[in-house]
1. Keeping to the range B:379-414, report how many residues are over 24 Å from residue B:280 (Cβ atoms) and surrounded by fewer than 22 Cβ atoms within 10 Å (Cβ to Cβ).
2. Identify all residues within the range A:93-116 that are out of contact with any helix residue (DSSP H, G or I) (no Cβ under 7 Å at 6 or more places or on another chain) and at the interface with another protein chain (Cβ under 10 Å from one of its Cβ atoms); write none if there are none.
3. Return yes or no: is residue B:297 free of Cβ contacts under 8 Å to residues at least 24 places away in the same chain and surrounded by fewer than 24 Cβ atoms within 10 Å (Cβ to Cβ)?
4. Tell me which of these residue A:78 doesn't satisfy, since it passes every other one: (1) within 14 Å of another protein chain (Cβ to nearest Cβ); (2) loosely packed, with under 10 Cβ neighbours inside 10 Å; (3) farther than 30 Å from residue B:42 by Cβ.
5. May I ask you to verify whether residue A:89 is facing chain B (nearest Cβ under 9 Å) and surrounded by 13 or more Cβ atoms within 10 Å (Cβ to Cβ)?
6. Would you mind stating whether residue B:145 is surrounded by fewer than 24 Cβ atoms within 10 Å (Cβ to Cβ), touching a helix residue (DSSP H, G or I) at 6+ places or on another chain (Cβ under 7 Å) and at pLDDT 95 or above?
7. Of the residues B:278, B:282, B:196, only one is surrounded by fewer than 24 Cβ atoms within 10 Å (Cβ to Cβ), over 20 Å from residue B:121 (Cβ atoms) and free of Cβ contacts under 8 Å to residues at least 24 places away in the same chain; which?
8. Residues that are out of contact with any strand residue (DSSP E or B) (no Cβ under 7 Å at 6 or more places or on another chain) and in contact (Cβ under 8 Å) with a residue 60 or more places away in the chain: does the range B:167-189 have at least one?
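The values are calculated or read from the model by the stated rules, or taken from the named source; none is laboratory data. As the structure is a prediction and not an experimental result, all values here were calculated from the model. Here Cβ is always computed from backbone atoms with ideal geometry, including for glycine, and neighbour counts include all displayed protein chains.
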């Protein structure tokens, strides 16, 4: 149990701060609502439609592919930093890794997953 | 830092079946994207991959070590299960071609997904670490989610995929949380190093809760009651060839990892843990067979039968003995062959849009297609557990392990519920042989028929000479 005290402390402090700030601003701050103030972007464009619309599945496709290749870069970073230490072994390893992703890339390209229409 | 000290030739040899299949799956993917209408080529590339992988798995059989710092087991148990998964995959591949051509839904991706899920299964069957098990389950399941929704224009297939995906992802959450708690109480996720901390680690309630959560994850994957709700809908909605593969390969993989993870905790014969698994087994046998009685759709009936069979195999886990684990392994071989054969027959007779799947549609089959009717009857007898078919020997070993571990009530329940199951398994035989009806059927595919005959021969041979497999099993455990 001893080991968990910092976590409980953290939860306690977090709750305390959150609740205090939310209640204090209610009493201390000015409170004069008007339609302009309550709109989603007070100083921005007036929203035209509701945000809860159906999106085309194409966005999902692009998002998934983006995550895939984003992760590739995340793996490349630590490898690049330790390039000298990892040596030839690491180099071959990384080439294999990128080759696998390249095959995946050829697949999505040929299947037209990146074509919008 | 020299990387070579973390990576040796033995690692490469140990993971060769998995690496070979992985390489072939990439080649197949490349062929599929570069060559137009390449379904046939992709199919043969996948078959070649499975065969090469089989060769490596046989080659590794005599070995007995671990690879990648105890992450992967090599030889013996791991090789046996790898061979089992690969043979099931081979059967499933050959069953799929005529089915997909008949349904006019033939894409190369199907075969690639099948062998990708086999890679996941092989990881599960050779896991020395809870993280490897998790990785294998995910690789297998993600491929299954896609395969279940393979008929993407059909509503039932979509429903099946979505249901499987949502529930499966939820169950994986439990599994991971359990692994986290086990890691928290022992400081390692490695099964060998966890076993080294027994029996002290077992006293910690958090450790037991961890195993309980892992148990939930596994129960979902093997389709045990009360985590079985997805099974009937997923099995019915998925393409029949996929159902055949999921219900045999998927279940075998889940049980192989189940044994690896639970053999040490269960050998402690902790009354609480034993009781929990015994109750899971009893509930699966009762509810699976109970609901099986009222089914009219054959795929749905086999789904409930799959739940019931998960119950029989859980007896082997509950017993916590080597006899039980050998029993499960033998059962998986016989169940795999039987179910592949049964689903093979169903896939051959199925008509467009999931027609021709009810009991009535099989009336008079003994007159129109006598060979198929005889084979399907054999599979039903084997599922019931009637000698001389392999299903009987499997059940015998599982019930014997229960008696050995003072779980006689479980064995008695198993026998009684098998008796119930006779009603719905033999009902199809009655329809085929003693009911009039049935229109003339178009000629059936030769490849499918050969595959089904092969599994039929398999269950008879294993039923008469079970020592073929049992001797191997005894040397393994």
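1. Residues that pass the stated criteria total 3.
2. Result: A:93, A:99, A:102, A:104, A:105, A:109.
3. No, not satisfied.
4. All conditions are met except number (2).
5. Here the answer is yes, as residue A:89 does meet what is asked.
6. Numbers: surrounded by fewer than 24 Cβ atoms within 10 Å (Cβ to Cβ): yes; touching a helix residue (DSSP H, G or I) at 6+ places or on another chain (Cβ under 7 Å): yes; at pLDDT 95 or above: yes.
It is true that residue B:145 is surrounded by fewer than 24 Cβ atoms within 10 Å (Cβ to Cβ), touching a helix residue (DSSP H, G or I) at 6+ places or on another chain (Cβ under 7 Å) and at pLDDT 95 or above.
7. Numbers: B:278 fails: free of Cβ contacts under 8 Å to residues at least 24 places away in the same chain; B:282 fails: free of Cβ contacts under 8 Å to residues at least 24 places away in the same chain.
That would be B:196, the only listed residue that is surrounded by fewer than 24 Cβ atoms within 10 Å (Cβ to Cβ), over 20 Å from residue B:121 (Cβ atoms) and free of Cβ contacts under 8 Å to residues at least 24 places away in the same chain.
8. Looking for residues that are out of contact with any strand residue (DSSP E or B) (no Cβ under 7 Å at 6 or more places or on another chain) and in contact (Cβ under 8 Å) with a residue 60 or more places away in the chain, one finds at least one in the range B:167-189, hence yes.
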